[in-house]
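Taking it in order: structure first as structure tokens, then the write-up.
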Amino acid sequence: MTVWLNHLIKLLSLINYLKMSEQEKPTEEIIFDAAQKVFVLKGFDGARMQEIAEEAGINKALLHYYYRTKEKLFRAIFERVLGYVIPKVLAFVESDETFFSKIEFFVHTYVELLLKNPYIPNFILSELNRNPNNIADMLGSLIVKNDAFAKFSKLINTEIEKGTIRPIQPEHLIVNMISLCIFPFPARPIFQSVFFKNDKDKYQEFLKTRKNEVTSFIINAIKAEKL
């Protein structure tokens, strides 16, 4: 009985700690978490600032104090998400792992990012039509800041010289990888209807299998032929 009570006390203490941690979270962090939930459920175009405020448990006036528009809020989330992922990928790129392991890591990380944030591709496409300079500046600043393109290009050219992969322009390889990862997400309404009879669960499973399929496709396409 005493042991059971001790476990119960510890459990209640943990629950109280978690509640306190949630209450003590910075308002901006709470807004980010709420906005991401709403964006996932409604998409960028369908999300409303009022819904985000309600999900965050704050009033709309306070939300507007932090972010005047939905676009500015999304940009902050977008930069935070990519600001976390890009350094993570680059750290692996600069590791001692094999080149093909790095390709696999890049593709898996990118697809996983889109699975968790499926609203990102549509936002980018929308911004490309509405304000192409804005999205170019946003992405460009993150890439330049981390020197991402230069580092990946150097890696590709090194592997070409070693004979690991066939000659290919770094720009082509990078665009091919990103395109193969991204396209099934904004094209979901078409593919889900045509190939999966609008079965959302089956299409979600299909998206998960893209990690291995794209990895294999890219590696087989660039691997140098052994004489």
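Rule-based calculations on the coordinates, nothing more; no lab input. Since this is a predicted model, take the numbers as computed values, not measurements. In this analysis, Cβ positions are derived from the backbone assuming ideal geometry, glycine residues included, and neighbour counts consider all displayed protein chains.
Annotations
- Theoretical gain in end-to-end length, S95 to K197 [0.36 nm per residue, Cα-Cα removed]: 32.4 nm
- Residue-averaged [θ]222 nm for the chain, counting only DSSP H segments that reach four residues, each worth -39500 (n - 2.57): -27000 deg cm²/dmol
- The magnitude of the dipole of region 71-227, with charges of +1 and -1 set on the Cβ of Lys/Arg and Asp/Glu and taken from the Cα centre, is near 300 debye.
- Whole-Å semi-axes of region 71-227's equivalent ellipsoid (Cα gyration tensor): 27, 22, 13
- For the residue pairs K116/K202; K37/K72; K42/K211; K88/K223; K37/K88, the C-alpha atoms sit more than 21 angstrom apart in K42/K211; K88/K223; K37/K88.
- Unit Cα scatterers, Debye sum, region 140-227: log10 I(q)/I(0) for q = 0.24 Å⁻¹: -1.14
- Amide H within-cut-off set for I165, under 5 Å, with H built and near neighbours excluded: I160, A224
- Only Cα pairs under 8 Å and 6+ residues apart enter the sum, and on that basis the relative contact order of the chain stands at 20 percent.
- Gain in span if fully extended, A224 to A76, counting 0.36 nm per residue against the direct Cα distance: 49.1 nm
- Simple spin-label estimate for T209 and E112 in nanometres, 7 Å along Cα-Cβ: 2.1 nm
- Top positive-direction residue, dipole computed over the chain with Cβ charges, set F149, I120, G46: G46
- Exposure proxy order (Cβ contacts within 10 Å, fewest to most) of L207, L125: L125, L207
- Spatially, region 86-128 and region 207-227 are offset by 15 Å when compared through their Cα centroids.
- Summing Cβ point charges (Lys, Arg +1; Asp, Glu -1) relative to the Cα centre of region 111-186 gives a dipole of roughly 80 debye.
- Annotation: aspartates and glutamates with alpha-carbon distance below 17 angstrom to K226 (same-chain offsets under eight excluded): E159, E161.
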